[in-house]
Structures are given as structure tokens and as C-alpha cells.
Amino acid sequence: MPIRGLWILHHQPGGQGEVTFARRYPTVEKRAKAFNRSSYVNVPEDADFLKALLHELGLTDENKSFVEYRDNCAKICKTNVHSLVVSEQSLWPVLAIQDSDFIYVCLPLVEQPLTPAPPLISVSSISEAFALLSGIMQFVNAGHNTEADISSRFAQLPLLVTQACPLGSPLDTTLYALPDSVSNAPVNQTCRSPAWRTSKQKGKAQIEVYITEKVNSTQYDKKDDSDTWQVYGTVSCKCNLETISPNVIVGLNLPANGSPLQDILVHPCVTSIDSSMLISSSVAVTDDSAFNGPYKFPFIPPYDLFQLCYYTSQVPVPPILGFYQLTEDGPQVQISIKLKLHESVKNGFDYCEAEIPFFNKGQIKHFEYRISHGQLESSKEKSLLVWVIGQKFPKSLEISLTGTVTFSSEKHPNDPEDPICVGNTAYVKLVFRIPESSLTGCYTDQHSIQVFSPAKPKIVTSRELISADYYIWNSKAPAPVMCRSFFD
């Protein structure tokens, strides 16, 4: 799906901002007029576009005060997609991602009238815009990020964007795969021509598919505070095929009790896809939008490793349930931690640790503990205990740790402080990786991969489950709450 425009804006706090890079596509703009009809809004000049965007993001000095339509509680922005007010009209959807002193902006083409605004999940060009901006951000941020390096990379952008997005249609979002980016590519990055160029790869035919799922969890062990958990999956591919334009189909499978994949975003190289797959949303009012497969992705692959798709899933339980209590008694604190591995989760870790930080209390002077499994270590900074659980839970799948931690009365300038973790407010953070496992049950195998090419490639597949932000809060003290239940 094409894009109408692409911008990179430079803005520092207190400054007016400037347009560092801009690219418009007149042919796509003509298509926008035809598709959007009476709801069409013309893209303003760069100066007006910059002013409208900074106002929408609340970055202009004169608009630091409350603005009703932008700052009221009824407006909940869950994405980086914005609506800009230009000439008393709304320009939508404007995708804007802030990174350091730069704002990366893209205006995708919507092939339908914009009044009323269609559901965001139905606009397939949004995922391509995300992928394109992500590729540009990775290219700009590579290297040492000195002023000279950044200037050099910006000098290359016009040519690279022309190759990656000719006539406004994203074809390859990995800018390092383009030949003209060789001079700035990292030494460990393989640079080859994109798949849409007429050249062949050499070497043994092989297709690699990697599924990585990351799980977030926030647990309270309280009646009024609901525990939350989310799963985010990424499917990465690398295809080495001695064909100019090989057609490949990768299928994702779920077991009978697997959790459906939702919020699916695909790479621009995907040639077609079941629309029911794209509209399966985790924010739907009902569960009717759940799509149970089959999940098939036909594509013409780029030469480099790329992310075929992203997804989320509403799994019924988190992999590890936790219980944490901390009470304070002068310079000492009593801690009690219990962890239980869910029976449906593979009991085989690359690593599994529980980090127990202490903020605003000084350094650890002494600690006594009783542990049912693993070992307990103290960090060099004397402000963190690390419970090394190891590669397996015991057969009972339950482990516990109790102890008394004594803190020194001496204060040091490097003692960790935190504005949230004051008093008894504290947490345990779990860090783990489970190879050849996924929480949704999602997997791929040789039978779900089709290659329309004379070559008979070797198929390599793997999957992993990794913890991201996995917190267990002290149930004996207040904690930041994401979801609260109310009872009569």
C-alpha cells in the first residue's frame, strides 16, 4: 500500500523545530483524491505541517497549557497515529514516532472515504508505514551517533528512500539491504540487494523462520487490583533461494487449545492475506473478531533477515504466578516470595532469575534467608538481591524464598532512589527465557512452508518465550495499578 508523504522533523525542547527530510508523492496524492472524495484533505506545506504536528503533540511553547480537544480524558491515544488540524480540516492518519530529537512521520494512503473514519485495524497501509519508519530509524541511529555520522546518513536518505519506496510504494524497509548504504552499514550487517532487484543469491538454499514471544505481566495478589499480562509475538524470516523472485508461503500453526493471534501487522513484502486475519483485534468489544486460522503469509522475500509479522494474543494465564510480601521494621525488612510455574508451560529454561531491588533504603549490610530452590546472590552495588532459579523448577513447580535483609545506616551518593518505590512499595522482576516454546502454542514446521522455486531449501525453525516487563508487586503496600476491580 502506498504512502502520500514522508517527513523527518528535528525538534529540541524549547525550539521551534525544522523539517530535516521530506518526500511527497504526487501520483499517490491523485489516488487519495479519488479514494477519499469529499473527505479528502490536502497535505499542507512543510512549515504548516510542522506547526500542526508540534501542536498536536503538545511540543510548542505557546501551547503548553491545556487544550480541550487534545488533552481531555475522553481522548485515549493507544497508538502513534494522530489527526492534524489543517485549514480547519482533519488530516488523518498521520503516523508520528518520536525518537531522541527527531520525529519520524508518515502519511499512509487510505483507499476509502475518511468520513466516518474507518477502524484503524482495517487500514492495511498503517503496518507498512510502521515498517518503513522503523527501517529509517534503525538506519539513522546506527553507528556512534556523532553529528558527523548522522549528517552523513541523512545525506544518503534521499537515494535510499527512492530505492526502498519508489513512487510511494514501500518495497524494502531494511535500508541496510540497499547497496548504496554499504558505506554506513555496521561491520556485522550483511548488505545485499533487495528482493525486487534482478539478482540472485548464492549458496545453499535455506529458509529460516524464528518465532519470538515476549510476555509482560503485572501481578498484585490483591482482591481489588487485577493482575494483567500480555503476549507480543514476532515472526522473523531469512530466505536464501537462487531465484530472482521466489514465491514463499509461511504458515503459522496453533494446537487445539492454542490462543488465537490478534492485532497482526505484516511486512510490505506479503503479497496477499486473509482480511479476517487483519481485523482480529484484541480491543474488540466482543470476542467475535478472534480468527483461529489458518495463518498463511505468501510473500516475495527480501534477501536480509526481516520481520514477517507481529501479533498479540490474549492467553488465559501468565507462565509464572508470583506472590511477594515485604514488611519493614526499622533498618530491617522481612521478605517472602513464592513462585509457581504453570503446568502448561515447558519446564526448561535457558535462564530464570528473580531480581529483588531495594530503593530508598541504603545498602544491604546483611541478609539471612531460607530458600527451597536455586541460590541467592547480592549485587556489587549492595542494593539488589538476585534469586538464581536456574534451568528448571522442581517437580512440584513451586519454589519459595523467605528472609531478613538488614540495611546500613550510612548514606552513599550512589544509593538507588525511586519516586514510586517509597516506603514498602516494592517489586520483584522476573527474567527468563524458554527455548523452543511459546505461550500461545504458535509454531511452524516444514509442512506449513511452501516454496515455488526449483530449489529444495533446508527448513530451519525455532521459537522462544522471553520475559519483558514481568513484575510482582508487594501485596502489603500500595502499587501502581493498571486495572482495578470495583465491588459493591
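The values are calculated or read from the model by the stated rules, or taken from the named source; none is laboratory data. Since the structure is predicted, the reported quantities are computational estimates derived from the model, not experimental observations. Ideal geometry is used to build each Cβ from the backbone, glycine not excepted, and the neighbour counts take in all protein chains shown. Side chains included, ligands, DNA and RNA excluded: accessible areas come from the protein's heavy atoms. Shrake-Rupley method; radii C 1.70, N 1.55, O 1.52, S 1.80 Å.
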### Segment residue 35-residue 379, extension gain: residue separation times 0.36 nm, minus the distance between their alpha carbons
117.8 nm
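Using DSSP to call loops (not H, G, I, E or B), can you name the trypsin sites (Lys or Arg not before Pro) in region 286-376 whose Cβ has at most 16 other Cβ atoms within 10 angstrom?
Working: sites: 296, 338, 340, 346, 361, 365, 370; in loops: 346, 361.
Within region 286-376, the qualifying trypsin sites (Lys or Arg not before Pro) (loop, at most 16 other Cβ atoms within 10 Å) are 346.
Could you work out how much longer the chain between residue 169 and residue 346 gets when fully extended? Use 0.36 nm per residue separation minus the Cα distance between them, nm to one decimal.
Values: separation 177, 0.36 × 177 = 63.72 nm, distance 4.26 nm.
Using 0.36 nm per residue and subtracting the Cα-Cα distance, I get 59.5 nm.
Summing +1 for each Lys or Arg and -1 for each Asp or Glu, what net charge is found among the other residues whose Cβ lies under 12 Å from the Cβ of residue 35?
On the way: positive: 4, 30, 31, 33, 37; negative: 29, 111.
Neighbour charge sum, excluding residue 35 itself: +3.
Rounded to the nearest 500, what is the chain's calculated 222 nm mean residue ellipticity when only DSSP H runs of at least 4 contribute -39500 (n - 2.57) each, over all residues?
Details: 6 runs with 64 residues, N = 488.
Theoretical 222 nm ellipticity from helices: -4000 deg cm²/dmol.
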## Note on the structure
Per the rule of 0.36 nm per residue minus the C-alpha distance, extending residue 226 to residue 45 adds in nm 60.4 nm
### Query
residue 319: net charge of surrounding residues, Cβ under 12 Å, Lys/Arg +1, Asp/Glu -1, itself excluded?
+2
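Order 336, 276, 151 by their accessible area, 1.4 angstrom probe, all chains in place, largest first.
Values: 336 25, 276 45, 151 70 Å².
The residues order as 151, 276, 336, largest area first.
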### Task
Roll a 1.4 Å probe over the protein heavy atoms and report the accessible area of residue 349 in Å², nearest 10.
10
### Summary
Using a 1.4 Å probe on heavy atoms of the protein chains only, the accessible area for residue 232 in Å², nearest 10, reads 100
### Message
How many angstrom lie between the Cα centre of region 76-140 and the Cα centre of region 4-25?
### Response
14
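Which whole-number value in Å² is the accessible area per residue of the chain, probe 1.4 Å? Intermediate values should be presented prior to the final figure.
Values: 24330 Å² over 488 residues.
Per residue, the chain has an accessible area of 50 Å².
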### Message
7 Å from Cα along Cα→Cβ at both residue 410 and residue 431: what's the point-to-point distance in nm?
### Response
2.7
## Note on the structure
Which of 223/429; 214/382; 214/296; 365/395 exceed 32 Å between C-alpha atoms? The answer is 365/395
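Quick one: of 392/476; 238/346; 340/411, which pairs are farther than 31 Å apart, Cα to Cα?
Working: 392/476 29 Å; 238/346 27 Å; 340/411 37 Å.
Beyond 31 Å: 340/411.
What part of the accessible area of the chain, given as a whole %, is carbon or sulfur when the probe is 1.4 angstrom?
Numbers: 12480 of 24330 Å².
Looking at the chain in its full context, I get 51 percent from C and S.
Relative contact order for the chain using alpha-carbon pairs under 8 Å, separation at least 6, rounded to a whole percent? If you can, show how the numbers build up before the last one.
Details: 1042 pairs, mean separation 73.2, N = 488.
Once normalised by length, the contact order is 15 percent.
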